[in-house]
C-alpha cells in the first residue's frame, strides 16, 4: 500500500520554478529522508506535503486522497520544525494538547494521549513547564511529542536537529530511529546533514535544484552513486575525483590514464565511452592507503588525527588533492612525500557528462 | 583541601594588602562621563521642575508678583473643595477611559489587517501614521471642518441617509465624543507602528504550527498573537494613558472646554489658573495632582499586566 504519492509536483515562485516535476512513492511506515544542499528544494517539497506551501502543479496524494487543496490541519500530517515552534505562552501539556483541543477531542482522551506521548519521549517531568524553561533538546522532544499526540498518518521533520549541539544531535538521532520503530509510522525527514540521512533513512532521496538526482537505500546510494553530484555529496570526507582519459575498453572494463599519473583498469561498463574521452575516476578516501609503492605519488599537506582514523590530504598537482584514510595512529607527518595505493575495483567512473558508468562484476588490477 | 586552604590564604593576604580607599578606576570615570549629558538634561529639565513645582504648590505665588507667602497644604485643600477641579478631573478621566481602549483596539485591528508585507499595506500604514505628525492646531481645524453642522462632511454624509446634522461641538453630550474621535484619529499612528513591530517579532513557524494544529483564525489570535503582543499592549496602554491624561490642545481649540465645562480637562484647568488668573502656586498644585493621578494609573496598569505575566 502506498501511503504518500507525489506526481509531477511543481513549485513556482512567480516566474521562477524551484521544484521541477517530482515523482515519488513513499510506502507506509517508510522512513524517507530528503537530502541535498541548501536551496535544492527539499524543505519546499516537505512544506508542500504539509500544506504550508501551495502546490503550483502536479498532485500530492496521502493514502487515496488527493490533498492539493486540503488545508494543512486536515491532511493528517504532523510536522516538527527546525526551531521547535512551540507556543511560548503555553505549558508543555498545553502545547501538546492544543491540536486535539481544536478538533474538540474529549478532555479525558487528550490527557491520556498527552501522557502516553510524554511517556514515550520520557518528558513527564516537563509537562507543566513552559518552553523558555527548557533546554534545546527538551524543546525538541516536546515538539516531537506534539506531533505524536495527533497520531498523524505521516510525520514530517524539517531539519529538526540542526539547532542542537553535536552530542545531543547524535542522541536525538538514535531517539528518532527508536521512535520510528516504536510508532511504526511513515516519516519524511529533511536534512542537509548526510550522516543523519545515512543513519536514519530506509530510503534517501537526493535532491539538487528541485530535481531528484537519485533515490534508494543509503548503502546503495553510497556504493553506487548515479552521478558525480551524488558521489560527491554522500560521504565525509567526500569522494576524491581524479581526471582521466580513456585509452581503451573491453568486456572487462575501461583502461584510463590518470592525469595525475598512472594507468588504471576500472571494471565498469565503458560501452558508451570512446578512446581519448575525458572521464572522472571517483575514489572513496577509505579505499586509498599510503603504501611503499603505489599508483599515485604526492606531497602530504595536512594530517588530521581523528582518534580512530587519520585523514591524509595529499597534493598530487596544482589543482588536485586526494584524501586518504589511514589508521588512528598514523606514522605519516605533513611535508613528506607519499605514495598511494588503491584497487581499480573500488573506483567509480563517470563519463564526460558526470554520469556513472555501470559496474561490472569482475575485479580489475592496477598496472 | 590543600588547594582551598592556599586560595583562602592568598585571598586573605590580598585583603590585607589592599588599601582601604579604593581608587576610582578610569572605567568608572568614563562611564559617568558618558552618562553625564543625559543626567544633566534629566536633572535640569525633569527632576528640578518636579521639585520646583511641588515647592510652588506649597506657596501662594503670583505669575508677575512672585511669591506671596508659604501656605502649606492650603492650595491642595482649596483644590479638593473646588467643583471646577472635580469637573475637570472627571472630564479627563472620561476622556482617557474612552480614548485609550478605542485607540489601542483600533491600532491593533489595523496592525493585524495591514500586517502582511505587501506594498499596499505599507502605503496604508504610512497614511495612518501620517496623521500623527500633524500638529494639534491642524488636527483641530480639520475636525472642526469635518464636524461642522452646516458644511461638515459628516453632516452631509448623515444628511444623505436622512439623519439631521448634529452640532457635535456645541452639544454637551456629543462634544467629548467629538474630541475622542479627533484624538483617536490623531494618535493612532504610534500604537499602530508599535503593534506592527510587535507582530513582526512573532516567528512565522508558530502560525504554521497552528495551521497544522487545526487552529481557526480566532484561536490563532487568541492563543498565539494576543499573548505574544502582551508586552507591546502594556507599552501602548502606558504611553496612551500618560499622553491622554495631558489632553489640552483638542478641547482648548475645538470647544474651549465647553459647552458648560463639559470638555474642560485638568491641564486646561491648570493653564487657566496659572496663565489666565496668574495663580501659579495653585496651578502647580493641579500639576502635582495630575502627576500623581498619571503615576497611579500607570503603576496600576503595570501591576495588573505583570500579574498576568
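The values are calculated or read from the model by the stated rules, or taken from the named source; none is laboratory data. Keep in mind that this is a model prediction, so the values were computed, not measured. Please note: Cβ atoms are built from the backbone with ideal geometry, for glycine as well, and neighbour counts cover all protein chains shown.
Note on the stretch A:37-54: among residues that are away from chain B (no Cβ under 14 Å) and on the phi < 0 side of the Ramachandran plot, the one that is farthest from the chain's Cα centre (by Cα) is A:45.
Taking the condition of being touching a residue at least 40 places away in the same chain (Cβ under 8 Å), assigned to a loop (DSSP other than H, G, I, E, B) and surrounded by fewer than 20 Cβ atoms within 10 Å (Cβ to Cβ), how many residues in the stretch B:240-254 meet it?
Total meeting the criteria: 1.
When you check residue A:346 against the structure, is it more than 26 Å from residue A:233 (Cα to Cα) and not assigned by TED's automatic domain parsing to the domain that holds residue A:228, yes or no? Considered against the rule, which asks whether it is more than 26 Å from residue A:233 (Cα to Cα) and not assigned by TED's automatic domain parsing to the domain that holds residue A:228, residue A:346 comes out as no. Exactly one residue out of A:214, A:138, A:182 is outside any loop (DSSP other than H, G, I, E, B), outside the structural domain of residue A:279 (by TED's automatic domain parsing) and farther than 26 Å from residue A:25 by Cα, and it is A:138.
The helices (runs of 4 or more DSSP H) found wholly in the stretch B:133-239 and carrying at least 3 residues that are away from chain A (no Cβ under 14 Å) occupy B:136-147, B:153-160, B:175-187, B:189-200. Checked against (1) over 16 Å from residue A:240 (Cβ atoms); (2) touching a residue at least 12 places away in the same chain (Cβ under 8 Å); (3) surrounded by 17 or more Cβ atoms within 10 Å (Cβ to Cβ), residue A:255 meets all criteria but (2).
Among the residues of the stretch A:293-341, count how many are closer than 14 Å to residue A:260 by Cα, in contact (Cβ under 8 Å) with a residue 40 or more places away in the chain and part of a loop (DSSP other than H, G, I, E, B). So the answer is 5. Among the numbered conditions (1) out of contact with any strand residue (DSSP E or B) (no Cβ under 8 Å at 6 or more places or on another chain); (2) free of Cβ contacts under 8 Å to residues at least 24 places away in the same chain, the only one that residue A:68 does not meet is (1).
Considering only the stretch A:217-241, state which residues are part of a strand (DSSP E or B) and surrounded by fewer than 21 Cβ atoms within 10 Å (Cβ to Cβ).
Result: A:227, A:241.
Restricting to the stretch A:282-292, count the residues that are outside any strand (DSSP E or B) and at pLDDT 90 or above. Here the count works out to 5. Evaluate the stretch A:202-210: report whether one residue or more is under 23 Å from residue A:175 (Cα atoms), in contact with a helix residue (DSSP H, G or I) (Cβ under 6 Å, 6 or more places away or on another chain), assigned by TED's automatic domain parsing to the domain that holds residue A:45 and surrounded by 19 or more Cβ atoms within 10 Å (Cβ to Cβ). Yes, the conditions are met somewhere in the stretch A:202-210.
So that you can scan it fast, the table gives a plain yes or no per residue for (1) within 25 Å of the chain's Cα centre (by Cα); (2) more than 7 Å from every other protein chain (Cβ to nearest Cβ); (3) not in a helix (DSSP H, G or I):
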residue	(1), (2), (3)
A:59	yes, yes, yes
A:69	no, yes, yes
A:78	yes, no, yes
A:99	no, no, no
A:105	no, yes, yes
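Every listed requirement among (1) more than 10 Å from chain B (Cβ to nearest Cβ); (2) without any contact (Cβ under 8 Å) to a residue 40 or more places away in the chain; (3) in contact with a helix residue (DSSP H, G or I) (Cβ under 9 Å, 6 or more places away or on another chain); (4) surrounded by 15 or more Cβ atoms within 10 Å (Cβ to Cβ) is met by residue A:120 save one, (2). Checked against (1) crowded, with 19+ Cβ neighbours inside 10 Å; (2) free of Cβ contacts under 8 Å to residues at least 24 places away in the same chain; (3) outside any helix (DSSP H, G or I), residue A:249 passes all but condition (2).
Contact map, the stretch B:65-94: first residue part of a loop (DSSP other than H, G, I, E, B), second residue surrounded by 13 or more Cβ atoms within 10 Å (Cβ to Cβ), Cβ cut-off under 8 Å, separation 6 or more or different chains; pairs are B:71/B:58; B:71/B:59; B:71/B:60; B:71/B:281; B:72/B:58; B:73/B:58.
From the list A:76, A:41, the one residue that fits, being crowded, with 20+ Cβ neighbours inside 10 Å and at pLDDT below 95, is A:41. You will find that of A:356, A:365, the residue that is modelled with pLDDT of 90 or more and not assigned by TED's automatic domain parsing to the domain that holds residue A:255 is A:356 and no other. Here residue A:261 meets the list (1) under 24 Å from residue A:278 (Cα atoms); (2) crowded, with 18+ Cβ neighbours inside 10 Å; (3) more than 13 Å from the chain's Cα centre (by Cα) almost entirely, failing just condition (2).
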